[in-house]
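I have placed the structure first, in the form of structure tokens, so that the comments after it can refer back to it.
Values quoted throughout were computed directly from the atomic coordinates according to the rules given, and no laboratory measurement underlies them. Treat the numbers as computed from the prediction; the structure is a model and nothing was measured. Here the Cβ positions follow ideal geometry from the backbone for every residue, glycine too, while neighbour counts run over all protein chains shown.
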Amino acid sequence: MTRLRFALEKTAPASRARAARFQTAHGEVRTPAFMPVGTQATVKNMSAEGLREIGAPVLLANTYHLLLRPGPEVFRKFGGIHRFMNWDRPVLTDSGGFQIFSLPEARAMREDGAEFRSYVDGQVHRLSPESSIAMQQAIGSDIMMVLDQCIPSTAGHAEAEAAMHLTHRWALRSLRARGDDSPQALFGIVQGACHRDLRLRSAEHLRELPFDGLAIGGLAVGETDAQRQEFTGLVAAELPADRPRYLMGVGTPIDILEAVHRGVDMFDCIIPTQLAQRGTAFTSHGRIHCRRAVYKFAEEPLDAGCGCRTCRDHSRAYLHHLVKADEPLGAQLLAHHNLAFYQRLMAEMRAAILDGSFAAYHERQRARLVLDDEINPPPRVAPPLARRALRRGDYEIQPSRCGTFNSIRQISSGEVMHSVSAPAEEAERLYVAQSRLAARLRAGAGAGVGAGAADAMPLVVWDVGLGAASNAMAAIACAERVRRELERQQTGDGVGGASAGLAPRPLRIVSFERDLDPLALAVRHASHFPHLRHAAPPALLREGRWRSADGLVEWELRAGDFLSEWEKAPRPQLIFHDPFSAKTDGPLWMSELFGRMRRNFTGGAGEPSAARSAPTELYTNSAATAVRVALLRAGWWVAEGVGTGPKASTTIAYAARPDADAGAALLGAEWLARWRRSGAKWPADVVETERAAFEREIEAHPQFGAGASAL
């Protein structure tokens, strides 16, 4: 049992990849995990707030550099690095061995430690296993590293063996210096350069000692990629399964993928921030060098599959300009993106391990992660002389008349998705705000600790008519906002997230669509649709589903005719009903379908009573009289919704009588009188001989009884 309470959750089939978790004094770490490098108590071009935003689970700081500046006295005054740099999550400190290795002209190695000259003031310092541990204790890191002798991975056998034995002796001294009472975890470091026998002997020796985890050191310092993969796999297979495994100083995305495949849990590297300073970005399309002239007029985001604020808010052309102009903002935006990319990669690998698909994921990503725009360059983009039509199948992108947003238009019918209001704004007003989605998700915070059973269950939302995904993405954005608000609330209350368990109610979105061309077109040109600058839409197109890294949001696609798919889907609490109009998608607006749906929702067979506690609610942008009476005839309770664009109102429907606190303005006697006078009072499927009976059905609906309209 280690100080970290390590728990191995799953090992992937046909791979050694592992998903695990462990607990530190400053929160839980889920693996695989990448640690941004904050050498001097700061990550280059990143604030602590930005690191929290991208989901960085642990930071790495360096004992050697922090010893020289600001020194142990500063950390003792502040009570450690967490308060000093305003970072409330775990910190791992490297011992300084690699930095001493990097100073061959300014250091001397002896049995008792390393003597080196400071690059800050020229003074001579001595770093021993004991003083390294003392400095790390002053820093207050959650995980400390033993002092080791790092040598080139290509060193000869005799030199590597001598360094290995010295590292082992220093490891024992580090354990004694840490003591039994310290709450800080301590990792040993396996050495041995590129010699199989030495690596095996080092792993065998260190795994018998009471370390809280073990690291693989001495790689990424001169060996080939093939050697690094060989020795990573060799050592990882010899390390205990019940402790974290850390590959030090590695690496590129492909390096990390291959190491996870071989059983490694933790990584750190300066590459994502270092290359950001040179104008290079890692994307789902491969490595992009923003300095290249090919991006001068590129309107698309850096990575259409990324939801970070760099990709959400800026074009490749702007990033190209910043890099060419040597503006610091360019390095800041690229660092933010690169570290977000690394965290997303780790989350994807973890999810693939847990669902058993890592071997297939590994094969796909091996080809993608080595792409480079200098090897496979994109076509050169000329400055736009005139806007060309952007089309796919029966759909095209159409700019709004005011020129402030874009929509998708079906060429054959002429119908436009969100023609008068920006897609994201309309989706937020009509579906998210009106359905009180945020409040419903907040109601699940802390579910299981005093919350009702219904609040602990996923909130299921049907998105009927996926289109360009504006409604689904508005729901996802809402869930992400709620999650951030709850995290801030915990921080403000001084409560640790892991212990408090204050998370929103899980959200499950089921989107129905028979034609994916609108979404594929919009995702391909995501620079025209800000709501699509997120990892979810490309994943939905690729895999048919997407799951957030924290597991609280799931989005699945039901491709095909809604009429044949809806009965296979889980019962919804909310329906965002947004297919094309009755003229184009007539059967989706008829009483026959609405009636079948309502009977299915109110039957409740086999469902827990908590799931049936509130009627299913349907929201649609249509205010057509024919649609409202079709719902009424099917037994729904129908209310007037908010207006949007030129529409004075929209429609809300409830599968059963809503509670008084639903806040719905149910259609009442005044609407009924207008309907009687209407010249378009009959749905298209009501023949003339049925009209009298139909009228009696509508007037007999219980919502038009005494007092019903006051709900």
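Between Glu204 and Arg599, what FRET efficiency comes out of the Förster formula 1/(1 + (r/R0)^6) with R0 = 60 Å and r the beta carbon distance, rounded to 0.05? Spell out each step's value before the answer.
Numbers: r = 67 Å, r/R0 = 1.12.
My answer for the efficiency is 0.35.
Altogether, the Stokes-Einstein calculation at 10 °C and 1.306 mPa s, with the Kirkwood radius of region 7-265 over Cα pairs as Rh, returns a diffusion coefficient of 86 µm²/s. Its alpha carbons considered, region 293-332 gives a radius of gyration followed by a Dmax of 9.7, 27 Å.
The Rg/Rh ratio of region 99-217, with Rg taken over Cα atoms and Rh as the Kirkwood radius over Cα pairs, comes to 0.97. With Cα atoms defining each centre, region 554-602 and region 257-287 are spaced 43 Å apart in the structure.
What order, most packed first, do the peptides 532-541, 470-479 have when packing is the mean number of other Cβ atoms within 10 Å of each residue?
On the way: 532-541: 22.8, 470-479: 25.2.
Peptide ranking by packing, descending: 470-479, 532-541.
Positive-end ranking of Leu540, Ser132, Asn621 along the dipole of the chain, with charges on Cβ about the Cα centre, is headed by Asn621.
Take every pair of alpha-carbon atoms less than 8 Å apart whose residues are at least six positions apart; their mean separation over the length of the chain yields a relative contact order of 10 percent. In the chain, the longest principal axis of the Cα atoms and the axis of helix 591-603 are about 60 degrees apart.
Calculate the all-directions average of the projected area of region 1-64's alpha-carbon convex hull, and give it in nm².
Working: hull surface 24.1 nm².
Spelled out: convex hull of the Cα atoms, projected over all directions, averaged, 6.0 nm².
To the nearest 10 degrees, how steeply does helix 225-236 sit against the main Cα axis of the chain, on a 0 to 90 scale? Value to nearest ten degrees: 90.
Report the percentage of all Cα-Cα pairs in region 270-384 whose separation exceeds 17 Å, rounded to a whole percent.
Numbers: 3596 of 6555 pairs.
Counting pairs separated by more than 17 Å, the tail of P(r) holds 55 percent.
The alpha carbon radius of gyration of the chain, expressed as a multiple of 2.2 N^0.38 Å, is 1.12.
Projecting the Cα atoms of Ser591, Leu257, Val432 onto the dipole axis of the chain, where Lys and Arg carry +1 and Asp and Glu carry -1 at the beta carbon, places Ser591 farthest toward the positive end. Between Ser413 and His525, the contour length at 0.36 nm per residue exceeds the Cα-Cα span by 38.1 nm. Ranked by the mean number of other Cβ atoms within 10 Å per residue, highest first, peptides 169-181, 615-627 order as 615-627, 169-181.
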